[in-house]
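So the structure is just underneath, and the comments pick up after that.
Values quoted throughout were computed directly from the atomic coordinates according to the rules given, and no laboratory measurement underlies them. No experiment lies behind these values; they were computed from the predicted model shown. Heads up, the Cβs are rebuilt from the backbone with ideal geometry, glycines too, and the neighbour counts pull from every protein chain shown.
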Amino acid sequence: IEKSVPVSFAIAFTMTFVKAIAKDTGTDFSLLSQRAKTLGKDTMFTSQDIGSAMQYMAMAGQGTTEIFNNITAAADLANATMSELGGKGGAADIMTNIMKMFMIDSTEANSTRVSDVLTRAVTRSNTNLYDLGEAIKYAGTTTTNLGATLEQTAAAIGVLGSMAGTALANAYRYLSKSIGDPNFKGGKALAALGLSKSDFIDANGQLIDLGLALQKIANASRGLGELDQYNLLVNILGVRGERAGSTMIRA
């Protein structure tokens, strides 16, 4: 006869695993256990759900302080987006990976900000948290290298939907090359529109927001026919990047 595992035992087992793998970064482990119990009472999630989320944060390299600071925001994110909290691909896993990618320190204020940004991106577009996380995973390295914030990246992905990851990364890569190389076909296309590198670089030498860059291109090409506009965008953003660019311009 199969016996069910008592809930309290399951929670204790999970938290023991968390204690074994989470680095001590200044917050006593007893505070993590207490927070798991508190959130289990105050949210829609059980203490076991909270413990599972902490486990994946620890597996991603977060220490006791980082887990303590991030877990409430992760629970809020899962609740607001109707997503799983723990487990691979759960809200805690996705939020942790995104914060690492964008080099966002694990303070309670920062984790709340990240949770809010991701929640807005999901609830205001035709996507879910898992797909958003996957798209950011594909595009994030490129966008962060070119100075884009999480807010800018998430907003673009919210507009682009399922094609976002690859298309957005290509748009950024090709636009960067077009701006930096006047002999590249994209650079020549920008010059034909009367645009140069100075139109796309801010005072700190960073690429301006992609949406603003596309707006400048759209304004400069407004008098052209649809075919010419399309060919210019392909030259400037690449074939896949053009799909992202056209969609963002229309939006």
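Brief remarks on what is shown
- Length-normalised contact order for the chain - Cα pairs under 8 Å, 6+ apart - percent: 13 percent
- Cα pair distances in the stretch 54-163, grouped into 10 Å bins until the bin that holds the longest one, percent each: 16, 53, 29, 2
- For the pair S30 and Q206, a Förster radius of 41 Å applied to the C-beta separation gives a FRET efficiency near 0.40, rounded to the nearest 0.05.
- Cα long-axis angle, helix 64-81 against the chain (0 to 90 degrees, to the nearest 10): 70 degrees
- For the stretch 187-251, the list of trypsin sites (Lys or Arg not before Pro) that fall in a loop by DSSP and count at most 10 other C-beta atoms within 10 angstrom reads R222.
- Angle in degrees between helix 226-237 and the longest Cα principal axis of the chain, rounded to the nearest 10: 60 degrees
- As computed over the chain, the Cα convex hull volume per residue (Å³): 140 Å³
- Restricting attention to the chain, the count of lysine pairs at 8 or more positions apart or across chains with alpha carbons under 23 Å apart stands at 21.
- Cα-based helix-to-principal-axis angle, 108-123 vs the chain, degrees rounded to 10: 60 degrees
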